[in-house]
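Shown next, in structure tokens, is the structure this report addresses.
The values are calculated or read from the model by the stated rules, or taken from the named source; none is laboratory data. Predicted model, so just to flag it, every value in this text is computed and none were measured. Cβ sites come from the backbone with ideal geometry, for glycine too, and all protein chains shown count toward neighbours. Surface accessibility is based on the protein's heavy atoms, side chains included, excluding ligands, DNA and RNA. Shrake-Rupley method; radii C 1.70, N 1.55, O 1.52, S 1.80 Å.
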Amino acid sequence: MWVALTRPISDAFQDCQLTHRARERIELATARMQHARYEDALAQAGCRIRRLQPLPEMPDAVFVEDTAVVLDEIAIVARPGAASRRLEVPSVTNAIEAYRPTAFVNPPGTLDGGDVLRVGRRLFVGLSSRTNPVGAEMLERIVDPYGYEVTHIEIVKCLHLKSAVTALDDRTLLVNPALIEPSAFGELKVVESDPSEAEAANVLAINDVLICAAQFPRTQARLEQLGRRVISVDLSEITKAEGAVTCCSILVDDRREALSQG
Ligand code: CIR
């Protein structure tokens, strides 16, 4: 059973960090409604939702993805590159300790979970304005005993690696070639997002479903033409905070439930 860790949108959401977007007024009630629909989509895709405590004073706390990377064997507690986001981490650590042994990215390392893309046994790590080489190397050392192949990729045109590329499955990526060079991914199959949709390469694959942001219908149509089942969620207010589909959850394969059910 997949557990999706989520966190309610903060009262201070309007004061979120922005790097590649201009600030726009965020309609908080609408953002919260969109977040609720996002949780519904995760549930429809087969996840059990586990909500973390609200952090009303932490503007970006809804973007839980950046605070931890959960693998089958271990969870890596991140150290967000934006100092304003570091107080989001302790409550996530407490939650994931119930599911996995944990290891930490420590100073001077910084790492945002949005910069870590798992594709089967490979991890692609974005070196971005949030993730520094020390943080990426710390992650690499932590996962080395488990046999993950780690590739570092320089990110300059967008916030995170996963702003530019996400996995559709263990062999196929959705890539925005305007943000990242598809050849960086070697032999993996690449589907390109529609060129008119700059933020469309971030989708969340869970079970046999892709959760996509409704603002990007052309990319969604491409995925549907490939026979993929898509659940589309309007995230227009959340996008104003430079968030996307993967950012709002941490997915944990909860094998304890499988074991307890025999
Ligand atoms: C930030 O700049 O940290 C937030 N406003 C957006 C974080 C989005 N997270 C993600 O893409 N993983």
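Cα centroids of segment 219-258 and segment 49-79: how far apart, whole angstrom? A separation of 16 Å, based on Cα centres. Does segment 1-105 classify as rounded, prolate or oblate by the C-alpha gyration tensor (a ≥ b ≥ c root eigenvalues; a/c under 1.5 gives rounded; else a/b over b/c gives prolate, otherwise oblate)? Taking the square roots of the gyration eigenvalues as a ≥ b ≥ c, segment 1-105 is oblate. Looking at the P(r) of segment 2-256, how many percent of alpha-carbon pairs lie beyond 34 Å? It works out to 8 percent of all Cα pairs. Could you give the length gained by full extension between Q44 and A103, i.e. 0.36 nm per residue of separation minus their alpha carbon distance, to one decimal place? Gain on extension, Q44 to A103, equals 18.1 nm.
What's the FRET efficiency of R37 with R118 using the Cβ-Cβ distance as r and R₀ = 25 Å, to the nearest 0.05? Efficiency computed from Cβ-Cβ geometry: 0.45. Computed extension length for E140-D208: 21.6 nm, one decimal, from 0.36 nm per residue of separation with the Cα-Cα distance subtracted. Probing with 1.4 Å while keeping every protein chain in the model, the per residue accessible area of segment 30-135 equals 36 Å².
In whole percents, the pair-distance distribution calculated for segment 115-231 from its alpha-carbon pairs, binned every 10 Å from zero, is 14, 45, 32, 9, 0. Quick one: net charge around V156, please, counting Lys, Arg +1 and Asp, Glu -1 for every other residue with C-beta under 13 Å from its C-beta. Spelling it out: positives minus negatives among the neighbours equals -1. Between L179, L111, L161, the Gaussian network model of the chain with springs among Cα atoms under 10 angstrom shows the greatest mean-square fluctuation at L179. Full extension of the chain between E192 and D169 yields a length gain of 6.8 nm, computed as 0.36 nm times the residue separation minus the alpha carbon distance. The longest stretch of the chain left intact once loop-based GluC sites (Glu not before Pro) with at most 11 other Cβ atoms within 10 Å are removed from consideration, loops following DSSP, is 58-186. In this label model, A29 and V156 are separated by 4.5 nm, measuring between points 7 Å along each Cα→Cβ vector. Charge dipole of segment 1-159 (Cα centre as origin; +1 on each Lys and Arg Cβ, -1 on each Asp and Glu Cβ, all else neutral): 220 debye, rounded to the nearest 20. Each Cα pair under 8 Å and six or more residues apart adds its separation to the average, and for segment 2-256 the resulting relative contact order is 23 percent.
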